[in-house]
Amino acid sequence: LYFIIYFFMIIWLASYPKSGNTWVRTIINQIIFNDVKSKNEVFDNLSRIRRYPSKADIVGLPQISNTSGFTKGQKREIIDFTVKYWKKSQENINKNNKTNILKTHNMLCNINLDGLDYPFTNLENTLGVIHIVRDPRNIVTSAKNHFSLTTEKESVEMICDNYNWTGFTNNEIPQLLSSWGNHYNSWKKFPKNNLLIKYEDLVSDFKKEILKIINYLSNYFEYKISDKEIEEIERNTSFENFKELENVGKFNENTINEITGEKKTFFNLGPHNNWKKILKKESINKIETQFNNEMSELGYL
């Protein structure tokens, strides 16, 4: 099957961290570029779907030394500069006259600075969103590892924090995560071309979910894909293959432990992460209480 490209805007791969964004990104990278990989090459050219915002997007960001940690004022300066540059940077991206797929963990927010509103994106720059969600109880352990948190309690507090910004520890561009519930609700409201993918559904029925993604993308990209290639993509993007490739150095997007300088494991537990066996009762209660409506809506409760 062949399709014609009509649109030149951004499609977001949006998710709270550790929800399966890299998995979906790797799948889509093979689909839209007609480039089904071998098991050993699945991370090759993954940068064709890159993270936003990155340092290339926010031009002129204040250079602040963080050798002793950022002060509150310094963080505010970097955040405000980034927020004010969202619109301009996305306009610059769309000048390439392509349908651009970008990964983001930023929530879909609107921030008021000095009496002016600065939305994360708008309908002039955004064509749609593939919104990936995961049970927040299974994010706790992965987030603890990824963000170098020392306790389960800290990880739960991070997921529940309505004012949570990331990006400073590794000297990256800041992103507003907010809480898991606020993040989910924000992208749920994007008004057009909004595809929801649940991590758990990808695990339980890969083919059904990948067909949803293929059908969605067929409106904006020209490609052909066979049942055999879908099976190959499923094998190539298995958690076991991801972990094996990371172990031999073929994945290069790990974050760094600021204390030891060592790379942190990116593919930690994956589908083997079972909150029922791992989390303390107080952690489960806090998450289920704060996000009762959202988790019920998604079928997690």
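Of note:
- Given (1) open to solvent by 20 Å² or more (accessible area, probe 1.4 Å); (2) at pLDDT below 95; (3) touching a helix residue (DSSP H, G or I) at 6+ places or on another chain (Cβ under 9 Å); (4) assigned to a loop (DSSP other than H, G, I, E, B), index of the condition Glu154 fails: (4)
- Single residue of the stretch 163-184 satisfying the filter (open to solvent by less than 50 Å² (accessible area, probe 1.4 Å) and farther than 23 Å from Lys286 by Cα) that is modelled with the highest pLDDT: Gln175
- When the stretch 185-195 is filtered for residues that are within 15 Å of Met107 (Cα to Cα) and surrounded by 15 or more Cβ atoms within 10 Å (Cβ to Cβ), the ones remaining, listed by number, are Asn185, Ser186, Trp187, Lys188, Phe190, Asn194.
- Summed over the stretch 25-49, residues that are touching a strand residue (DSSP E or B) at 6+ places or on another chain (Cβ under 9 Å) and surrounded by 18 or more Cβ atoms within 10 Å (Cβ to Cβ) total 5.
- Considering residues of the stretch 91-118 that are assigned to a helix (DSSP H, G or I) and among the polar types (S, T, N, Q) only, the residue surrounded by the most Cβ atoms within 10 Å (Cβ to Cβ): Asn94
- Residues located in the stretch 158-217, provided they are closer than 30 Å to Gly60 by Cβ, of a type in the set (Gly, Ala, Ser) and not in a helix (DSSP H, G or I): Gly167, Ser178
- The number of residues in the stretch 200-216 that are open to solvent by 50 Å² or more (accessible area, probe 1.4 Å), hydrophobic (A, V, I, L, M, F, W, C) and within 15 Å of Asp227 (Cβ to Cβ) comes to 1.
- Residue in the stretch 50-65 that is modelled with the lowest pLDDT, counting only those that are open to solvent by less than 50 Å² (accessible area, probe 1.4 Å) and over 23 Å from Ile101 (Cα atoms): Ile64
- When we screen Glu222, Glu253 for residues that are more than 21 Å from Lys198 (Cβ to Cβ), modelled with pLDDT under 75 and open to solvent by 40 Å² or more (accessible area, probe 1.4 Å), the only hit is Glu253.
The values are calculated or read from the model by the stated rules, or taken from the named source; none is laboratory data. Keep in mind the model is a prediction, meaning the values are calculated, not measured. Note that we place each Cβ from the backbone using ideal geometry, even for glycine, and neighbour counts take in every protein chain shown. Accessible surface is based on the protein model in full, side chains and every heavy atom, while ligands, DNA and RNA are left aside. Shrake-Rupley method; radii C 1.70, N 1.55, O 1.52, S 1.80 Å.
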